[in-house]
Every structure is written in structure tokens, then in C-alpha cells.
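Below: one structure, written as C-alpha cells.
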Amino acid sequence: MIFNTDARVRSNLRAIHPYQPGISEDQLRKEFGLARLVKLNSNENALGPSPMALAAIEHELPKLHLYPDGGSELLREALAAHHGLHMEQVFVGNGSDDIIKLISETFLEPGDEIVVPFPSFSQYGFGAEVMRAQIREVPLRPDFSYDVEALLRAVNEKTKLLYLCTPNNPTGTVLKRDEFTWLIERLPIDVFVVVDLAYDNYATDSDRFFVTESALAYPNVCYMFTFSKLYGLAGLRVGYALGNEQVWAYVHRVREPFNVNRVAQRGAQAALQDVAHIAKSQALAARSREQYAALARDGLRVIPSQANFTLVEVGDGVAAFEWLKKQGILVRAGYPGLESFVRVTFGLEEENELCIGALRAYQQVRT
């Protein structure tokens, strides 16, 4: 007997392609047997995890036989204090991916629509696909800045969610504060807006949008953050969002009862207080931007970034990725709409120099 899986699963799953993470160090070593690897493909913090988080994790390990706090209350209290909010205004998830999927499950029904910038983070569309909703992609301008007028035009009576990612992944460009205000003031109040600020802790543009007390007053807007980038805790999977407590009351109905493990909760709470690690991580990103600016002086197009990565135009992104991979340097390529680019995560200063030298060498080979 044969169980016909294709005939029994939900039909919309056939069109969903699982998220493809960047190739791992283990995979590269297995393929090429390289001794030295420069991993610049997943927007990880090159300085590693917060030392204060490591100490908190070590202290928590003897308690692994105990279930975590199902509501992540201590972490939510710490985050609320950090942002000057009430705990009920904070939602914690198993990474931002978890929060995106839970928001999709909370709001979307078949036939609903979401509006997303393009190119941007693929998981926004994934949540919609799971719920049989439609995705309206709104292209960024040629310089990868936001076109808020086009975003507003894409909204209609079927629109339930609108996503804004700033600094945007994978372009590193930001939404300006006046652009955000212009859009929100004209947007129908029944459209729920998710602002993804995963990389905002690296940003320095004073004109960019960032969370303020007035921004938190919008009842139809939430703001997502992560511990995966600046705090160096990508392996723990902790994200959080700030917003309307009435919305979170419904999102809690669809989340798993223990969606954030106890080690992750304690590590994130400690990392939030690690001022020294935060400052070092921000300083490294600032120095890295200056390093990659040298490629622009060599004639390569480098997109000015406010994140911990940058886009470099190389002609054929996938070909450059493959060439760099053979040199033991991992970057990211193949983004729809960015076929001529590679995305390079900022590494340690010497890793950046190795990558910059390799990109220069690739250009010589290519021409």
C-alpha cells in the first residue's frame, strides 16, 4: 500500500518553498576541505555572543530538566523596562520568524492580502503563503529607498498586513522618519503594520525611522526586534515585538505554550544589559562600512548600508558567490531582484580585508 501524500496534504503547501539559510561552515569544509573559512553570509555578529549572556546561560544549564516560563515573563518585564512600556505590550517569540508566522496565523484568512517591499525578507511572504493569503510586492526605488506612495497604492480592501523592514534586509537601506509618518497617517486604520527593526541597533542615520513614544501610540502598528544580530544570540532564537496589548492577547492564542526555551530567555535578558558588547558590535559595524567604501573608490557599486552587511554589485551574483566559495569566503547571492549583487556580512577587520581583496580579484578575473 502507498500513502498518497501529495493528494492528502493541503494543496497550497506544494507552492511553498522552505527558507534556504546560508551555507554552513560544516558544509563548506565537507565540499572543499578548506582549513580557513571566512563566513560572511548570514548577518551574524562577528564578535560572537554577549559575554554576559554566556555567563547567564552557564548558570541556567543545571535547570534544563525544568520547563521554561511559558509566558517569558521575566524577559518581557526586562524588555518593557528597557523600552518604557508595560509587560503586556511586549511579545516574545522563537526568533522573529516565529512572530511573523504567529501574526500571519492571527490575522490572515484565505483571500486576504499582505503588502511587502521588494526585495525584502522572504519570511513575510512565507507566513501569507501558509495561510493562503496573497502577496503584493512593491518594488523599492532604483537606489533601494522606499516608495511609500507605491506602498499606499498597493493597499486595498483585502489588505490585512503591511510589512516595513528598516534597515531593509537584504539592501541595508532605511525608511525615513517623515516617510513613515506620511504613510501611517494615510493608511486605513484596519491595516496592521509590522515594522521589522532587526538591524536598527546598527543604524546611525539621524533621519531614519526609529521607535519613539509617539510611534508606540499607533494601535495598528507593532515593532519587531531580535537578539540574533547585535547581541550575537542567533543560535538561541529570540525575537520580540512591541505593540498593542490587545493584539498580543490574540497572538498568544496561537503560539506554542513554551515557544522560547529557558536558556534563551535568560541569555537574552542578560545580553540586554551588556553595554560593552553592544558598543563593540556597533563600532565594528561602523569600521566595516568604512572598509567596504574602498570598493566604491575602485569603481564597484556598493550600496550604502545602515545594517551589519552591505550589497556589492558584481555582475553575476551567483557566479561571484561560487568563485568566492572556492576561496573559502562565504557571502550570499541569488536574491530575486538582486541577481547582479552579493550580500556581504561585516566580519572582523581582517576578514573584511580578505573579502575585499577577493572581490577585487574576482573583478579582474571577470573582466
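Placing unit charges on the Cβ atoms only, positive for Lys and Arg and negative for Asp and Glu, gives the chain a dipole magnitude near 780 debye about its Cα centre.
To the nearest 20 debye, what is the magnitude of the charge dipole of the stretch 75-119 about its Cα centre, counting +1 on the Cβ of each Lys and Arg and -1 on the Cβ of each Asp and Glu? Please report the intermediate quantities before stating the final value.
Working: 2 positive and 8 negative charges, 45 e Å.
Computed charge dipole of the stretch 75-119: roughly 220 debye.
Per-residue extension of 0.36 nm, minus the Cα-Cα distance of Ala293 and His59, leaves a gain of 80.0 nm for this segment.
Which residues make up the longest stretch of the chain clear of trypsin sites (Lys or Arg not before Pro) that lie in a DSSP loop with no more than 16 other Cβ atoms within 10 Å, not counting the sites?
It works out to 159-300.
What whole number of Å gives the distance from the Cα centroid of the stretch 123-143 to the Cα centroid of the stretch 199-262? So the separation of the two Cα centres works out to 19 Å. Could you pull out the pairs from Lys39/Lys101; Lys176/Lys280; Lys39/Lys229 whose alpha carbons sit more than 23 Å apart here? Those over the limit are Lys39/Lys101; Lys176/Lys280.
Note on the chain: dipole from Cβ charges, positive end direction compared against Val90, Leu359, Val344; the farthest Cα belongs to Leu359.
Overall, the stretch 129-242 carries a charge dipole of about 360 debye about its Cα centre when +1 sits on the Cβ of Lys and Arg and -1 on the Cβ of Asp and Glu, all other atoms neutral.
Ordering Asp6, Asp98 by accessible surface, largest first, gives Asp6, Asp98; the 1.4 Å probe counts only protein heavy atoms, with every chain in place. Ranked by solvent-accessible area (1.4 Å probe, protein heavy atoms only, all chains present), the residues Met131, Met224 order from largest to smallest as Met131, Met224.
Along the axis of the charge dipole computed for the stretch 219-279 (Cβ charges of +1 for Lys and Arg, -1 for Asp and Glu, origin at the Cα centre), the listed residues Thr226, Phe258, Val238 are led at the positive end by Phe258. Between Asn4 and Arg360, the modelled label-to-label distance comes to 6.2 nm, taking each label 7 Å out from Cα in the direction of the beta carbon.
What number results when the radius of gyration of the stretch 295-347, computed over Cα atoms, is divided by 2.2 N^0.38 Å?
Details: Rg = 10.6 Å, N = 53, 2.2 N^0.38 = 9.9 Å.
With N residues counted in the stretch 295-347, Rg over 2.2 N^0.38 Å equals 1.06.
In the list (1) 20.9, 65; (2) 25.7, 78; (3) 20.1, 59, the label attached to Rg and Dmax of the Cα atoms in Å as derived from the coordinates here is (1).
Of all DSSP bridge pairs formed entirely within the chain, close to 45 percent run antiparallel. Annotation for the stretch 303-367: GluC sites (Glu not before Pro) lying in DSSP loop with at most 12 further Cβ atoms inside 10 Å of their Cβ are Glu339.
The values are calculated or read from the model by the stated rules, or taken from the named source; none is laboratory data. These numbers come from a predicted model, not from an experiment. We place every Cβ from the backbone using ideal geometry, glycine too, and count neighbours over all the protein chains shown. Heavy atoms of the whole protein, side chains included, go into the accessibility calculation; ligands, DNA and RNA do not. Shrake-Rupley method; radii C 1.70, N 1.55, O 1.52, S 1.80 Å.
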